[in-house]
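The structure appears right after this line, and notes come after that.
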Amino acid sequence: MNDHDRPELEDEPNMPSRRSFLRTAAVGAAVVGLGGTALAAPGPTAGKPKPFSLKEGDDAHTGMLYRAIPACKIRISEISCNPAGDEPLRRMVALGCNYFHKVDGCGTPEFRQSLDWSKLYCDVVIDNTGKQEAIDEFERKRKNTGVDVIDFFKIHSKLTKPEQLKTVTSIFDAFETLRDQGKTRWLATSLHDGGPEMVDACIEDGRFKMIQFPFNPAGANDAWKALVKKAQAAGIAIIAMKSMAGGPSKWAESEAAKAVLQHYFDQGASPAVAMLRWILAQPGVTSIVPDSPNVKIAEENCSAAGAKLTAWEHEGIERFAAAMSGIWCRSCRTCEGSCQAGLPIPDLLRYRMYAKDYGNVAGARKLYADLDESRRAGACTGCGQCEKACPYGLHVRDFLADAHRRLS
Ligand code: SF4
Ligand code: SF4
């Protein structure tokens, strides 16, 4: 594998010709212990060097398809890696996954050390917006990762209003400093909040090469689909997260959704794989970062790549999406202006989902505790104005009461 297998932009400043490990003493010792362990399966870019192409293709002959990010002139796998254990991630790399989201949380240091990073791409997310704090966070995560160049510096859901793209300059200064030092390459953002206006503003902004936000059959209305196409036209990657619409625990909140899934996926077919295929069929989606907590789910997720939805599956997923409408918050924030108490309603509903549907009770409680008491669900007066404002008919009051019970 040579560096020219990975097409580079010619005008990148100070970019090292290839990536190497930092080889701290601790990691170096681990490498010796591994005895040079490497994946036996072909890597994601194995084979002859290919010129950069916009057309999706099975570059590694594993069945995984790769899609272009024109703004970066790179190609990443349709299914990407999320933080998980070594074994599912090792399997995903063997099946062709070549992108790591939150790479510092992906597997053990020994696992990360065992990978050939000249064939892979990765990001770290940055939660701090102050310049030095953001640089310190980036450096801490880069060292923990053991890779000397992190491809994407991903601003993590801290900018939620379009005007902040102009006013919070410190985070952009941090990125430019690190990029000029050759430690990162491109700017990205992960948006949990802000709704379509924020995604649109990030596309229009021109600095972001990758935008990640919740995108699944339950939440992807025409406005979201139009934004994905707009990003594609601008050469920007769209990474879909929250692809399972909360997963089985969330689906079970809707009797109608349960009935649809039983009807359409009663012969052992996986609704999860169908959802991934549905997302990949939306024009402009570059990749998905589904949770892959074990090898079986990792393999199932990867099986979604390169395969088309059947007409039956498509109908099932569309009907499932309609059935989920009243329980899936799209983070559109339409309701917030109507709340006299000023509650961050979509955030509260999302924290509830982390606890109830993802099983991350401690993480959700931490997020909840970080809110001022006046912004927690306990401050809801029960006036119901948010439910009148919500275009999707969510029973916000019930969900907030449940959130407060779970998270207090
Ligand atoms: S019911 Fe609660 S969350 Fe909804 S508008 Fe009233 S105070 Fe706000
Ligand atoms: S509760 Fe309804 S209006 Fe409020 S953010 Fe969620 S989907 Fe939008």
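Just so it is clear, none of the values below were taken in a lab; they were calculated from the coordinates. Since we're looking at a predicted model, the values are computed, not measured. With ideal geometry, Cβ positions are generated from the backbone for all residues, glycine too; neighbour counts draw on all protein chains shown.
Figures for the structure shown
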item: Added length on full extension, which subtracts the Cα-Cα distance from 0.36 nm per residue, residue 204 to residue 263; result: 17.0 nm
item: Top positive-direction residue, dipole computed over the chain with Cβ charges, set 400, 343, 134; result: 400
item: FRET efficiency, residue 53 to residue 405 (Cβ-Cβ, R0 45 Å, nearest 0.05); result: 0.30
item: Computed over region 336-407: relative contact order in percent, which uses C-alpha pairs under 8 Å that are six or more apart; result: 40
item: Rounded if a/c under 1.5, otherwise prolate or oblate - the chain, Cα gyration tensor axes; result: prolate
item: Extended-chain gain in nm, criterion 0.36 nm per residue less alpha-carbon gap, residue 365 and residue 73; result: 101.1 nm
item: Sequence-distant residues sharing a close amide H with residue 69 (under 5 Å, placed H); result: 74, 75, 76
item: Residue 116-residue 255 FRET efficiency (beta carbon distance; Förster radius 51 Å; 0.05 resolution); result: 0.55
item: Mean Kyte hydropathy of -0.5 or more with a Cα span along the axis of at least 15 Å, helices from DSSP in the chain; result: 169-180, 195-205, 222-233, 311-324, 345-356, 396-407
item: Mean Cα-pair separation over length for the chain, i.e. relative contact order, pairs under 8 Å, 6 or more apart, %; result: 14
item: At most 15 other Cβ within 10 Å, DSSP loop - GluC sites (Glu not before Pro), region 146-233; result: 163
item: Three-way shape label, region 94-203, alpha-carbon gyration tensor, a/c 1.5; result: prolate
item: Rounded to the nearest 20 debye, dipole of region 128-269 from Cβ charges on Lys, Arg, Asp, Glu; result: 280
item: Cα-Cα over 20 Å, subset of 158/366; 73/119; 102/158; 131/242; 102/166; result: 131/242; 102/166
item: Beta bridges per DSSP with both ends in the chain, % antiparallel, nearest 5; result: 20
item: Under the Karplus curve 6.51 cos²θ - 1.76 cosθ + 1.60, θ = phi - 60°, whole-Hz ³J(HN,Hα) for region 70-82, x wherever Gly or Pro sits; result: x, 5, 10, 6, 10, 10, 10, 6, 4, 10, 10, 8, 10
item: Amide H within-cut-off set for residue 185, under 5 Å, with H built and near neighbours excluded; result: 152, 153
item: Computed label-point distance, nm, for sites residue 281 and residue 311 using a 7 Å Cα→Cβ extension; result: 1.2
item: Most positive-pole-ward Cα, 285, 263, 85, against dipole of the chain from beta carbon charges; result: 85
item: FRET efficiency estimate (nearest 0.05) - Cβ-Cβ, residue 143 to residue 374, R0 30 angstrom; result: 0.20
item: q = 0.11 Å⁻¹: log10 I(q)/I(0) that the Debye formula gives for region 336-407, counting C-alpha atoms only; result: -0.23
item: Relative contact order %, region 168-224, counting alpha carbon pairs below 8 Å whose residues are six or more apart; result: 32
